[in-house]
Amino acid sequence: MRKYLLNGALLSAIAGIIPTLKKSQEARSTWTTVLQWVVWGATVALAVIAIRENAEAAREEELEA
């Protein structure tokens, strides 16, 4: 769990919610607002996937050594 909470990629992806929230409050509900939320969700998902892959690679290196 610590690897997720202390990872810079995930922290910056989560911090990206601030401008997304501001934009969605200012704008009416349009397709660009929906697209912003989809992009933000994809960014968070990619950060989580990258953390998992790095953890798996580190585990494999430990097993090989």
For this session: Could you grab me the full set of residues in region 5-48 that are loosely packed, with under 14 Cβ neighbours inside 10 Å, modelled with pLDDT under 90 and either touching a Lys or Arg at 6+ places or on another chain (Cβ under 6 Å) or closer than 25 Å to Arg59 by Cα (or both)?
Result: Leu5, Leu6, Gly8
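Table: residues versus (1) assigned to a loop (DSSP other than H, G, I, E, B); (2) touching a Gly at 6+ places or on another chain (Cβ under 8 Å).
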{"site": "Ala9", "(1), (2)": "no, no"}
{"site": "Ala13", "(1), (2)": "no, no"}
{"site": "Ser29", "(1), (2)": "yes, no"}
{"site": "Trp40", "(1), (2)": "no, yes"}
{"site": "Ala45", "(1), (2)": "no, no"}
{"site": "Val48", "(1), (2)": "no, no"}
{"site": "Asn54", "(1), (2)": "no, no"}
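The values are calculated or read from the model by the stated rules, or taken from the named source; none is laboratory data. These figures come from a predicted structure and were not determined experimentally. We place every Cβ from the backbone using ideal geometry, glycine too, and count neighbours over all the protein chains shown.
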